[in-house]
Amino acid sequence: MKRILMVAYHFPPLAGSSGIQRTLRFVQHLPSLGWQPLVLSADPRAYEKTSADLLADVPKATVVRRAFALDTARHLQLAGRYLGWMARPDRWISWKLDGVRQGLKLIDEFKPDVIWSTYPIATAHVIASALSRKTGIPWIADFRDPMAQDGYPADPLTWQSYQRIEEDAARHARHCVFTTPGAARMYQQRYPAAANRMVVLENGYDEESFSSATRLPRASGPDGGSRPLLMLHSGIVYPSERDPTQLFMALGRLKKAGVLGAEDLRIRFRASVNDGLLKELADAHGAQDFIELCPAIPYREALAEMMAVDALLVMQASNCNAQIPAKIYEYLRAGKPILGLTDPEGDTAGVLRGAGLTDIVRLDSADDIAQMLPALVRDWRQGKVVLPDALAVQQASRLGRSQALAVLLEQVVNVSGSATGVPANS
């Protein structure tokens, strides 16, 4: 069996990030595809929140090493402040020193064929690049989403550190992997010399997790107008990238006009991380009667909730057109109607349309949202809502994504072997 060293900050017992699922499900499925994963992650002290609920999903035979790491903002600040260089490219740069040391020990012990690192913690790429340079083992940089963007990161020095990491990956990584076509196109244009090494490997859903999720009672169907449609937004609400201001404005207008009330629609925000902001916006626009703010729950309970509600809500601003929220694939598997508040030209809208879903309006248009919501409630009451296409759902499984990754890994190993005449890790 070939081996892959996976450098990933997002790994159980980290809690509160859907980014965990990408690495975790690759670790689950790759052994059946001929690849043994070796995981190099951070010491849990670096995690702001932890939970044991996904630890059981890590196969018992998986080698997991934890390198010393601190969160600069929590562990190295004094009177609420810390030096900027201590958080570049991110607050976990302290992971690098022991990460490289532990990585070299893993390489010496297990002799992996490929090194793989995954963003959004950029230090993972820094570690993987160092390991690849020191050993000659080919490196795959899993960017997922774009790094250096217009206006992000806001700090110019951090932006420059992101750009240097990108340039290093474009020059030295065997492949740069993205989760959306838009992100891949952006980097092909940014680094044309490496364009043929930019590939797309989307996120997905884990069928086994859905199958083992405890089934919650489904909300009963509409009963003579007595029950509101229950719509769920599961996960973080970012103030810029998923700004719900125009949604709340639309709800306030509809309530004032007597078009919709709390008896017609309830929107549940689960684990938003920004409940204070949501409450403030809802109060400001008179939308508080429509809103439920609920705490985080274990992963499988979150999946069960998706399957139990009437509809699902995804929000993605136009400044993220080249990004797709990872949970959208779980939404598809849940088999519920999905309201997409996003730019119709963006990749998120493209995934929804690819699954036959057309309830898509701009997140930044209260007028468009105010038109869409009453129609959605009406269609639900009449049993006319559109559900995701079954074939599109099937194609979005994590197993299928793992099979695609295994094909990519085989290509890397074959090219490395043919180029040198010896195995890549000899």
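The values are calculated or read from the model by the stated rules, or taken from the named source; none is laboratory data. This structure is a prediction, so every number in the text was calculated from the model and none was measured. Using ideal geometry, Cβ is built from the backbone for each residue, glycine included, and neighbour counts are taken over all protein chains shown. The accessibility values were calculated without ligands, DNA or RNA, using every heavy atom of the protein model including side chains. Shrake-Rupley method; radii C 1.70, N 1.55, O 1.52, S 1.80 Å.
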| message | List the residue pairs whose Cβ atoms are under 7 Å apart, where the first residue sits in segment 392-408 and is closer than 20 Å to Gly350 by Cα, the second is among the charged types (D, E, K, R) and not in a helix (DSSP H, G or I), and the two are 6 or more positions apart or on different chains. | response | Arg398/Asp206; Arg401/Glu202
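Filtering segment 118-134 down to residues that are free of Cβ contacts under 8 Å to residues at least 40 places away in the same chain and open to solvent by 20 Å² or more (accessible area, probe 1.4 Å), which residue is nearest to Thr180 (Cα to Cα)? Steps first, please.
Start the filter on segment 118-134 by keeping residues that are free of Cβ contacts under 8 Å to residues at least 40 places away in the same chain, which leaves 119, 126, 130, 133-134.
Subsequent filtering for residues that are open to solvent by 20 Å² or more (accessible area, probe 1.4 Å) retains 126, 133-134.
On the way: Val126: 23, Arg133: 28, Lys134: 31 Å.
Applying the filter and picking the extreme gives Val126.
What is the residue count in segment 46-58 for residues that are part of a loop (DSSP other than H, G, I, E, B), open to solvent by less than 30 Å² (accessible area, probe 1.4 Å) and either among the aliphatic types (A, V, I, L, M) or under 20 Å from Leu106 (Cβ atoms) (or both)?
Applying the first criterion (part of a loop (DSSP other than H, G, I, E, B)) to segment 46-58 yields 47-49, 51-54, 58.
In the following step, the residues that additionally are open to solvent by less than 30 Å² (accessible area, probe 1.4 Å) were identified as 47, 54, 58.
Subset that is either among the aliphatic types (A, V, I, L, M) or under 20 Å from Leu106 (Cβ atoms) (or both): 54, 58.
Looking only at that region, the number is 2.
Each row is one residue, and each column tells you yes or no for (1) over 25 Å from the mean Cα position of the chain (by Cα); (2) of a type in the set (Lys, Arg).
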site: Pro44; (1), (2): no, no
site: Val64; (1), (2): no, no
site: Arg81; (1), (2): yes, yes
site: Asp113; (1), (2): yes, no
| message | Considering only residues that are without any contact (Cβ under 8 Å) to a residue 40 or more places away in the chain and within 22 Å of Ala302 (Cα to Cα), which ones fall in segment 240-290? | response | Arg266, Phe269, Arg270, Ser272, Asn274, Asp275, Gly276, Lys279, Phe290
| Which of the residues spanning segment 271-325 are assigned to a loop (DSSP other than H, G, I, E, B) and among the acidic types (Asp, Glu)? | Asp310
| message | With of a type in the set (Ser, Thr, Tyr) and over 24 Å from Ile20 (Cα atoms) as the only criterion, which of Tyr162, Tyr191, Tyr152, Tyr205 stands out? | response | Tyr191
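Listed residues Leu277, Leu303; which is over 30 Å from Val177 (Cβ atoms) and not acidic (Asp, Glu)? Outline the logic, then answer.
Values: Leu303 fails: over 30 Å from Val177 (Cβ atoms).
Every option except Leu277 fails the conditions.
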| note | Of (1) closer than 22 Å to Trp380 by Cα; (2) in a helix (DSSP H, G or I), Arg268 satisfies every one except (2)
| field | Failed item in (1) in contact with a helix residue (DSSP H, G or I) (Cβ under 8 Å, 6 or more places away or on another chain); (2) in a loop (DSSP other than H, G, I, E, B); (3) surrounded by 14 or more Cβ atoms within 10 Å (Cβ to Cβ); (4) not polar (S, T, N, Q), with Ala61 passing the rest | value | (3)
| note | Only unsatisfied item for Leu247, checking (1) surrounded by 21 or more Cβ atoms within 10 Å (Cβ to Cβ); (2) among the aliphatic types (A, V, I, L, M); (3) in contact with a Cys (Cβ under 8 Å, 6 or more places away or on another chain), is (3)
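Quick one: which strands (runs of 3 or more DSSP E) sit completely within segment 135-241 and have at least 3 residues that are buried (at least 18 other Cβ atoms within 10 Å of the Cβ)? So that I can check it myself, show each step before the final result.
Values: elements: 139-144, 175-178, 198-200, 229-234.
Strands (runs of 3 or more DSSP E) meeting the threshold: 139-144, 175-178, 229-234.
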| field | Number of the condition not met by Ser234 [criteria: (1) farther than 30 Å from Ala370 by Cα; (2) in contact (Cβ under 8 Å) with a residue 40 or more places away in the chain; (3) touching a strand residue (DSSP E or B) at 6+ places or on another chain (Cβ under 6 Å); (4) not β-branched (Val, Ile, Thr)] | value | (1)
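So that you can scan it fast, the table gives a plain yes or no per residue for (1) basic (Lys, Arg); (2) not in a helix (DSSP H, G or I):
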| site | (1), (2) |
| --- | --- |
| Lys336 | yes, yes |
| Leu339 | no, yes |
| Gly356 | no, yes |
| Ala370 | no, no |
| query | Among the residues of segment 68-90 satisfying the criterion of being in a loop (DSSP other than H, G, I, E, B) and free of Cβ contacts under 8 Å to residues at least 12 places away in the same chain, which is nearest to Ser161 (Cα to Cα)? | reply | Leu83
| remark: Screening Leu313, Leu332 for residues that are modelled with pLDDT of 95 or more, touching a Leu at 6+ places or on another chain (Cβ under 6 Å) and of a type in the set (A, V, I, L, M) leaves only Leu313
| Filter pass, Ala130 being more than 21 Å from Asn196 (Cβ to Cβ), more than 21 Å from the chain's Cα centre (by Cα), of a type in the set (A, V, I, L, M) and not in a loop (DSSP other than H, G, I, E, B) | yes
